[in-house]
């Protein structure tokens, strides 16, 4: 047995109940802990759950502040409902009635084009036009770009299964203008990533499936629109009816999960330094010298932190996890009096192509997107900076972020006054980059982790960055841990002499 796997004595007092430690109190860790609570009841296991969070708050990047009658989202402001895991969790914890959908009016996105806000053409599905007249009339694209886009219906399928980037796929099927004017800015708003390195299969698999099944993404998108009613007439770029939040903001989900968990073993400012294998399971060591003996461990931290925690157990896993790169992002919330903005704000926000060479990646018109986010006379806006294409901006001070965001908004939507409120929220190394080869890397990591059934890793670094993905990752980890516990109990029973 190698030194990294050498077991140490389990010298800590234990109860007769199984002990599971969840490391990380973001939405992934909270979801894992709550699923353990559910499974403990369902399987009559009496699991003792310890949730350890290194910072002074739960929720990770989810953070809602109520300031001057405004609901200010410092992290994500919504979740997608096509993936079932968030809605299912909301139903189980009793907050389904507090979910709200996006405003029914002005469901569209603008794109910055030569310093002006131009709406994404009606019927445009991320990459592909499904209504041709709005696309042909749009000033976003040149006539050459429009012709190249429509030629997509003649482009043959890809002949091999070789992994490719989003940029490669879009240029191959639609040409450079669709990449630069639509795909890149919309993708940056989701993944803060460079489309030249972003793994298509790990992020937008549906487009590969469209190409495989129908040969043409445009034909597939039209078919989807006509026969499945998954597109809402008049929406563009993003299907807004599929996004939801809560009346009091995203903190509703975090707060409710906390209320549903056993309080005594939830510890903030509890920095875990490493985990070790023992004769009976695991030992979780913390910076303040405490050690917890556990039957199972769920690590729900960013991959680079997970790498540090696990390197004493398996250096190979640690090395592979360290290959997952992260980018940082900044959210700037700004509020203005409505009368001081000349733009009609008849949309949910705008995205900025990198070819425009502007510092603001995107802006969400928060008080237009969701009702009740601010008093009627106040407009609340959320700007985004940083990411893979502008990494140096993250380290600039708050005053620079506020001043720069304000100047951009002043020029793009005609603001005539200084903001009445401004807040900068930083999210360092929070966005994993799903680069080409990502799924193969994760498969390799998971195969190795599976050698330790009572150890699980979870989070947004693996199979999706959205809130539903994180919930699913945490819950699946809890289910795997409980399955391992049940197998161990069964083996003990079967080993008793008759």
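General observations
- Residue 223 paired with residue 155, simple spin-label distance in nm, labels 7 Å along Cα-to-beta-carbon: 1.8 nm
- Computed Rg/Rh of the range 6-115, alpha carbon atoms with Kirkwood Rh: 1.12
- Between residue 212 and residue 315, the modelled label-to-label distance comes to 3.8 nm, taking each label 7 Å out from Cα in the direction of the beta carbon.
- With the convex hull constructed from alpha-carbon coordinates only, the range 58-198 shows a mean projected area of 12.5 nm² over all directions.
- Note on the range 25-47 and the range 444-484: Cα centroid distance 14 Å, given to the nearest whole angstrom.
- Taking one quarter of the surface of the convex hull spanned by the alpha-carbon atoms of the range 121-236 gives a direction-averaged projected area of 6.8 nm².
- Rounded to the nearest 10 degrees, the inclination of helix 251-260 to the longest alpha-carbon principal axis of the chain is 20 degrees.
- Separation of alpha-carbon centers, the range 74-141 and the range 345-360, rounded to whole Å: 15 Å
- All Cα pairs of the chain, percent lying beyond 40 Å: 26 percent
- Axis angle, to the nearest 10 degrees, between helix 398-413 and the longest C-alpha principal axis of the chain: 40 degrees.
- Rg/Rg_globular for the range 328-478, with Rg_globular taken as 2.2 N^0.38 Å and Rg from C-alpha atoms: 1.31
- When each of the peptides 396-406, 472-482 is scored by the mean number of other C-beta atoms lying within 10 Å of its residues, the order from highest to lowest reads 472-482, 396-406.
- Over the chain, relative contact order from alpha-carbon pairs under 8 Å, at least 6 apart, %: 25 percent
- Averaging 1/r across all pairs of distinct Cα atoms in the range 244-377 and inverting the result yields a Kirkwood radius of 19.8 Å.
- Sorting the segments 286-295, 304-313 by their residues' average number of neighbouring beta-carbon atoms within 10 angstrom, most packed first, yields 304-313, 286-295.
- Inter-label distance for residue 172 and residue 46, nm, one decimal - labels placed 7 Å from Cα along Cα-to-Cβ: 5.8 nm
- Acute angle (nearest 10 degrees) that the helix 205-214 long axis makes with the longest principal axis of the chain, alpha-carbon atoms: 60 degrees
- Residues residue 118 and residue 291, FRET efficiency given R0 of 56 Å [Cβ-Cβ distance, rounded to 0.05]: 0.40
- Taking 0.36 nm per residue of separation and subtracting the current Cα-Cα distance, fully stretching the chain between residue 137 and residue 377 would add 83.0 nm.
No value in this document is a laboratory result; all are computed from the given coordinates. Fair warning: this is a prediction, and the values are worked out from it, not measured in the lab. Here Cβ is always computed from backbone atoms with ideal geometry, including for glycine, and neighbour counts include all displayed protein chains.
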